[in-house]
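The values are calculated or read from the model by the stated rules, or taken from the named source; none is laboratory data. Given the structure is predicted, the values throughout are model-derived calculations rather than measurements. Because the Cβ atoms are built from the backbone with ideal geometry, glycine has one as well, and the counts that use them run over all protein chains shown. Heavy atoms of the whole protein, side chains included, go into the accessibility calculation; ligands, DNA and RNA do not. Shrake-Rupley method; radii C 1.70, N 1.55, O 1.52, S 1.80 Å.
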Amino acid sequence: MGHLSSLVHLISLTLSYAAGIGVLGSSYGPVFEEQPSSLLFPDGLTDEKITLACRARASPPATYSWKVNGSDVQVGSEPRYALVAGNLVISSPQRGKDSGSYQCLATNPSGTIISREASLRFGYLHEFPPDDRSLQTVYEGAGTMIPCHPPSHYPALSYRWFFNEFPTFIQPDRGRWFVSQATGNLYLSRAEPNDTGNYFCFATNNMELSIKSVFSKPNQLNVLPDATPRKSSPNIKVRFPSDTYALAGQSLQLECFAYGNPVPKLRWRKVDGTVPPKALGSMDGPILHLPELDFMDEGVYECEARNSEGRDTYQGRITVQAQPEWLQVMSDSEVEISSELRWSCAAAGKPRPSIRWLRNGQPLASQDRIEVNAGQLRFSNLSLEDSGMYQCVAENKHGTIYANAELKVQVQAPDFRLSPVRRLTPSARGGQVKMECRPRAAPRPVLFWSRGTEILSNNSRVTVTPDGSLWIQNISRSDEGKYTCFAENFLGKANSTGFLSVREATKITLVPSNADINQGENVTLQCHASHDPTMDLTFTWSMNGILLDTEDASRHFHRVEGKETVGDLMIVSGQLGHAGIYKCTAQTVVDSASASARLVVRGPPGPPGGVVVKDMNETSVELRWSRGYDNHSPIGKYTIEGRSPLSEAWKQMRTDPANIEGNAESAHVIGLMPWMDYEFRVIASNILGSGEPSMASQKVRTRPAAPMVAPSGLGGGGGDRHELIITWTSMAREYQNGEKFGYILAFRKKAAPQWHIVKVPNVESSRFVYHNESLAAYCPFEVKIKAYNEKGEGPFSQTALVYSAEEEPTETPRRVNATSLSAFEIQVSWEPLQHLSTNGILRGYEIRYWRQNEKEAAADRVRTMGLETVARVSGLRPSTLYHVTVLAYNSAGTGPPSPFTNVTTKKPPPSRAPDNVSWRIDGSWVTVAWDHVKPLKNESAVLGYKAQA
């Protein structure tokens with residue numbers, strides 16, 4: 001009686017389980033189709049509503065609930081919350097009450113799943129404080145920083161600065177200005193007098209639904225002029241963090257900015273590798289932009305600031321981390337009662353994600369028959385109450401991800417309704433056949449087969465496998481007939497019957513033959529077959545085990561149209577990749593037959609392998625490689641290509657020997673530049689053409705050597721009094737030939753016996769100033785220059801003639817005369833200077849003019865661009881007395897002014913137009929008439945009229 005009562009109890013559980021979840025698969029648990037997404041909402045928009053979306057597919061349909069920060073959202077008792085389908089709608093949103101992390105729960109009789117977390121945050125930007133800001137003072141040539149002190153805000157702001165009045169925004173000026181997007185502060189590397197003024201920090205909060213900007217009180221900057229601004233070496237003031245952590249897939253910006261006079265040039269590099277190519281556009285600016293970070297971007301980055309006075313560097317490390325990402329997840333499972341189940345899930349991420357499990361939205365821990373071990377979940381002796389919705393949760397500090405699966409524990413008597421034995425199973429004589437028996441049943445039933453009334457047992461031709469499949473080998477006509485599969489477990493019995501028919505076998509009658517072609521030629525592979533006439537015959541072809549598509553007319557493979565028993569394959573314009581084993585298969589619904597042939601395609605050689613560089617010196621290297629495939633045609637020769645940072649394009653290199661034979665596996669590359677980075681590749685050729693190039697060799701650098709050419713562009717002149725300025729064109733990278741590069745200058749007064757020798761150690765230098773109080777003005781010097789590096793010195797350039805700094809002219813133009821030409825223009829003339837180049841080269845003359853009762857210091861100025869002694873001055877006022885003086889000028893400045901002369905501009909022209917204008921056309925003549933214009937007292941007399949058509 002005890003066994004019977006237990007069986008009755010199990011059957012009642014089975015029936016209730018079947019009614020609740022549908023053993024035939026008519027019901028299933030929730031599967032999210034839409035989950036809530038994180039949202040940034042502008043604070044203060046209380047008239048708006050926030051909708052967090054949630055929708056799940058389920059049968060029967062799911063019901064929904066929500067959690068915020070782990071607590072239930074009280075939709076019924078809180079009037080601001082509403083549930084629309086599965087969506088949570090929040091009315092009159094408030095930052096203090098509604099900020100948090102939201103999750104949606106979807107539930108039906110199969111169980112509950114919980115969504116990913118969606119954060120609801122409120123964006124805001126307060127006004128700048130109303131307090132006045134203090135005055136900042138800086139000397140000309142020095143650097144300074146103006147703080148922004150942004151107001152309270154969320155999320156991060158973008159910053160700009162405007163000068164004196166909106167919208168005159170600060171623009172990058174030869175690298176002098178920088179606005180940090182990390183702090184909002186404004187940096188100035190070298191102050192100039194015209195930088196004096198008021199500066200306003202302009203902060204913007206960008207959100208999808210709104211944009212808000214505010215600006216600060218004025219920050220007053222006063223730049224004190226300095227007649228000789230002090231030069232200074234770079235001093236890096238804006239530094240990115242020494243340890244920066246960023247997420248893979250996101251973008252990162254590193255900031256670096258330096259004070260210095262002259263304005264420093266910035267350059268980025270990666271200390272332990274090369275800067276990723278995606279960042280090359282920002283390699284020489286204050287911001288290094290690294291888009292779409294990956295783990296290869298990790299490392300130490302250096303910012304270098306350099307000017308003619310020196311250099312400064314700063315380094316920091318970037319560590320790339322990652323959100324969790326699934327590598328393996330479990331899948332929905334229907335498992336019979338009392339059996340075992342193992343589920344696994346694995347996730348990648350940095351730091352390594354931790355893994356936990358949920359059942360119907362609740363934490364799951366090891367208990368009784370359930371073992372939880374990180375990413376492993378193991379059930380033993382499954383029972384009905386184990387059915388439900390399970391979630392694997394992987395999380396690290398950067399995020400959390402969820403994987404869902406449904407577990408259905410099955411218990412039922414054998415049932416063939418969804419998977420009966422196949423009604424008719426055809427087979428071929430001499431072949432084999434498989435008849436499957438797959439009833440739904442839990443626990444697993446006992447299976448056996450019969451033919452008619454005969455129970456089948458295993459023998460040399462008949463096998464019943466453990467999963468219930470029936471195999472019959474070496475089929476004959478006598479095997480034709482009805483076959484029945486029987487299934488039984490403790491809940492009941494069932495059976496299903498099918499019929500086995502026997503047909504004639506398929507045979508290949510004409511097998512394909514091996515073929516040999518050149519690349520680009522056509523070939524046809526033949527294949528004929530015989531088969532049972534009551535069935536259709538189909539041909540398929542495969543190449544090296546991969547099925548070919550012969551129906552696509554745009555491809556290389558085509559079936560030859562013909563009889564049903566002919567399956568020939570045409571290969572059009574055969575390529576190297578088409579070589580291999582071709583298999584023809586003739587098949588019917590019951591069997592198939594196959595035959596194979598080999599196709600050889602001759603073509604240009606494949607790429608050589610293992611390209612390595614040996615024995616480097618200053619201008620040559622030895623290159624070695626291994627032979628690639630000759631593609632059935634002997635290699636005739638090799639070609640070597642190379643490239644350097646000077647050009648991205650590959651170029652053919654000079655080699656020794658000049659012609660590299662096909663049996664060679666090494667050669668010397670000659671004619672290279674010293675101290676230059678190169679990479680090489682090798683290309684093989686035969687009578688059918690040139691093949692694909694090899695993989696590029698590792699980058700190598702040739703040995704350094706002394707410079708071989710002299711710097712170009714030698715010249716100079718100008719500058720302050722008692723100075724000799726020498727300029728040249730800094731030498732490009734390809735001419736430097738080694739480390740510790742610099743320049744050697746030699747200069748002397750023209751025809752003097754001794755040369756002055758000066759070393760300039762900076763590779764980017766292009767200017768040298770020699771100062772000597774005894775240096776005469778505009779004195780000719782002979783100058784020559786050469787380059788040097790750690791390996792030695794190069795040749796001197798040709799000698800150039802450079803003059804020391806000029807001094808202002810000492811003579812005054814004489815006989816200055818000014819004549820009024822109109823109400824708005826005068827003409828000024830004078831006698832030229834007698835000594836044109838006493839202190840330098842005379843560039844021209846400067847005319848200064850000012851109105852009566854004005855001071856000479858307020859005079860307007862006009863300069864001639866040559867040695868003319870007559871000039872016009874326009875833009876004057878009518879009927880006005882002007883004082884005029886003339887000065888000579890050169891590159892050093894202006895000389896003493898001449899005594900001033902006076903001139904009065906003429907009265908203005910009549911201001912009124914002629915009245916009563918009329919005209920008459922007579923053939924090709926037009927006669928125009930008008931009333932005479934009488935000028936006013938303050939206007940000049942009318943001298944004539946101008947008619948325009």
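Using a probe of 1.4 Å on the protein chains alone, the accessible area found for ASP677 is around 40 Å².
When the helices of the chain are scored as -39500 (n - 2.57) per DSSP H run of n ≥ 4 and the total is divided over every residue, the value at 222 nm lands at -1000 deg cm²/dmol.
Highest-first packing order for the peptide set 559-565, 249-255 is 249-255, 559-565, based on the mean count of other beta carbon atoms within 10 Å. Within the shell of other residues whose beta carbon sits under 14 angstrom from the beta carbon of ALA365, the net charge comes to +2, with Lys and Arg scored +1 and Asp and Glu -1. Sorted into 5 angstrom bins from 0, the C-alpha pair distances of segment 290-393 split as 2, 10, 16, 15, 10, 8, 7, 6, 6, 5, 4, 3, 3, 2, 1, 1, 0 percent. The P(r) of segment 858-928 has a tail past 16 Å containing 69 percent of all C-alpha pairs.
Filter the chymotrypsin sites (Phe, Trp or Tyr not before Pro) in segment 461-551 down to the DSSP loop ones having no more than 12 other Cβ atoms within 10 Å, then list what survives.
PHE490
Each DSSP beta bridge with both residues in segment 226-335 is either parallel or antiparallel, and the antiparallel ones are about 85%.
The simple Förster model, with R0 at 22 Å and r as the Cβ-Cβ distance, assigns ASP549 and SER633 a FRET efficiency of 0.15. A full extension of the chain between SER71 and GLN526 corresponds to an added length of 156.4 nm, given 0.36 nm per residue minus the alpha carbon distance. Rounded to the nearest 10 degrees, the angle from helix 2-21 to the longest Cα principal axis of the chain is 40 degrees. Report the Cα centroid-to-centroid distance between segment 166-229 and segment 231-264 in angstrom, as an integer. Measuring centre to centre over Cα atoms gives 18 Å. Taking the Cα centre of segment 834-893 as reference, the dipole from Cβ charges on Lys and Arg (+1) and Asp and Glu (-1) amounts to some 120 debye.
Taking segment 611-652 and a reference point 7 angstrom along Cα→Cβ of SER666, the backbone N atoms nearer than 16 Å belong to 611-617, 620-627. Full extension of the chain segment joining MET708 with THR869 gains 52.9 nm, where the gain is 0.36 nm per residue of separation less the Cα-Cα distance.
Ordering GLY70, SER115, TYR81 by the projection of their Cα atoms onto the charge dipole of segment 57-211, which places +1 on the Cβ of Lys and Arg and -1 on the Cβ of Asp and Glu, puts SER115 at the extreme positive end.
Diffusion coefficient (Stokes-Einstein, Kirkwood radius over C-alpha pairs, 20 °C, 1.002 mPa s) for segment 52-128: 158 µm²/s, rounded to a whole number.
Roughly how many Å is it from the Cα centre of segment 538-584 to that of segment 308-355, as a whole number? Segment 538-584 and segment 308-355 have Cα centres spaced 45 Å from each other. Measuring from each cysteine beta-carbon in the chain, the ones with no other cysteine beta-carbon under 4.7 angstrom are CYS779. The largest-to-smallest principal axis extents of the Cα set in segment 216-362 are 96, 42, 22 Å.
Fully extending the segment from HIS722 to GLU793 would add 22.5 nm, taking 0.36 nm per residue of separation and subtracting the current Cα-Cα distance. Taking a point 7 Å from the Cα of THR901 along the Cα-to-Cβ direction, the residues of segment 866-891 with backbone N closer than 11 Å to it are 870-871, 884-886.
Its Cα centre serving as origin, segment 808-949 has a Cβ charge dipole (Lys and Arg +1, Asp and Glu -1) of approximately 280 debye.
If you take the alpha carbon atoms of segment 617-712 and fit the smallest convex hull around them, that volume is 108 Å³ per residue. Only Lys, Arg, Asp and Glu carry charge here, each on its Cβ (+1 for the first two, -1 for the last two); on that basis segment 674-825 has a dipole of about 500 debye about its Cα centre.
In this simple spin-label approximation, ARG317 and THR819 carry label points 7 Å from Cα along the Cα→Cβ vector, and these lie 8.3 nm apart. A convex hull fitted around the alpha carbon atoms of segment 535-676 yields 154 Å³ per residue.
The Kirkwood radius of segment 844-890, taken over pairs of alpha-carbon atoms, gives through the Stokes-Einstein law at 4 °C and 1.567 mPa s a diffusion coefficient of 113 µm² s⁻¹.
Other residues within the sphere of radius under 11 Å centred on the Cβ of ARG503, judged by their own Cβ, net out at -2 (K and R +1, D and E -1). Inter-part distance, segment 851-917 to segment 53-123, computed on C-alpha centroids, equals 81 Å. List the lysines whose alpha-carbon lies under 29 Å from that of LYS397, not counting same-chain residues fewer than 8 positions away? Within reach: LYS67, LYS97, LYS270, LYS278, LYS350. Over all pairs of different C-alpha atoms, the chain has a mean inverse distance whose reciprocal, the Kirkwood radius, equals 40.6 Å.
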